[in-house]
Amino acid sequence: MGSRGGDTTCVTPARLAASVLVAISAGCLLLAGSCTVFSGLSVPNDAADDPSPPDSGMTRSEAGSDLPGLIGVSDALKVCSKVLTCPHLGASIAASFGLPIDATNFSECVHVLAGPVDPRRRSAAVGTHLGCIAKIDGCNFGGCTPFEEIDANDPRIDPNCTTGQADRCDGNTRVTCFQSVLAPGGWLTHCSDSVYEPGSQCKVKDGRSWCDIANTTCPSNPTCIDGSQRLSTNDYCRDAGGESAHTKVDCAVIGYECKVAVESCGGPPCSIHLQSQCETDDTSLSVCAFNQTVKVDCAPMGGKCAYHDTTAYCAGPHDECTPYDPAPPDGQGVNSCNGKSIRLCIGGRLTLVDCRQADPGYDCRTGTAPKSNFCGPPI
């Protein structure tokens, strides 16, 4: 979560979810509502209620907090290795789960996924999705995230796509053309993902594609109903040229809150990926994760909001590092290699992590600027 990164067009993750079915307007995938506000940065360990420490050889207290992360360190090493080598993965994770991952900073990525998190933000489903990414080979992560960024020249994109208004269905996947992190780019929305009501089908109605529930009664107004967490499912109906497109999005599956009376999972939009700032109460911060503002509550981790240059982060009372620290003269700082190990700042603790705990074939690889060093298979 930082202030680095360029302007992105209005592709809002939560909107991708609820509105992924709604509409594209002015080059943005828009929902009638706004984006999600979080109260914590990550979610569950590999199992949602698994009390075991991250699998890095360190205890949670040594990692800076007794609170678990979204996933264990071994899986985080695998996911973040792919984030730094797969062009579209970082944006897809940010869009799907509102996680402010810097695709150039390996330590920051591992910290976001495996570092301590507010227990209120824990979600077994997010951990399952991230675990899916950890298990796949190469960059073929389709189906592991509800929303997937694709290349502008992807053959699934409508060849007539020039203004971001072209929609189509590819099987049960919604293909949307609009400006993304990689302009013009495109997005896939997997209607079979657990974020949507079981049985949802991609359908084109009135020139738009939707993840639609067929033959069901639409509510007269958007409403929140019981879902994987109480009142987490956004249930709404959209007029599609005289046809009704009925969609149910379980916001809790992707770590969002359901907002009553809006076709969205909540929260205001933003335009500069990773831009962050401390809130006035100094115990929380807001950060732009792709195109949604995420609120991070530092208090459950025993910290307060602080700045490293222009980057806001949750600082613990005994932190010895941040993922953004520059390389010291001795070269043994964050993201530095030591044989097959890498130094990472996780939860405020500088820790030497053996890359081979992710995979026996992993090594500490030298990154090409602006990317940091990272764990990954040998070239």
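The values are calculated or read from the model by the stated rules, or taken from the named source; none is laboratory data. Predicted, not measured: the structure shown is a model, and the values here were computed from it. Here the Cβ positions follow ideal geometry from the backbone for every residue, glycine too, while neighbour counts run over all protein chains shown.
Let's see how each residue does on (1) part of a loop (DSSP other than H, G, I, E, B); (2) more than 26 Å from C86 (Cβ to Cβ):
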position: Y307; (1), (2): no, yes
position: G331; (1), (2): yes, yes
position: R343; (1), (2): no, no
position: G361; (1), (2): yes, no
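Of everything listed in (1) within 22 Å of the chain's Cα centre (by Cα); (2) assigned to a loop (DSSP other than H, G, I, E, B), the single unmet condition for V294 is (2).
Being on the phi < 0 side of the Ramachandran plot and either at pLDDT 90 or above or outside any loop (DSSP other than H, G, I, E, B) (or both) is a description that does not apply to E263. Answer with yes or no whether C314 is within 21 Å of P68 (Cβ to Cβ) and touching a residue at least 40 places away in the same chain (Cβ under 8 Å). Criteria met by C314. Out of curiosity, is L350 in contact with a Lys or Arg (Cβ under 8 Å, 6 or more places away or on another chain), among the aliphatic types (A, V, I, L, M), part of a strand (DSSP E or B) and farther than 30 Å from G227 by Cα? Yes; evaluated as a whole, the condition is true for this residue. For N335, the criteria (1) modelled with pLDDT of 95 or more; (2) not in a loop (DSSP other than H, G, I, E, B) hold in every case but one, which is (2).
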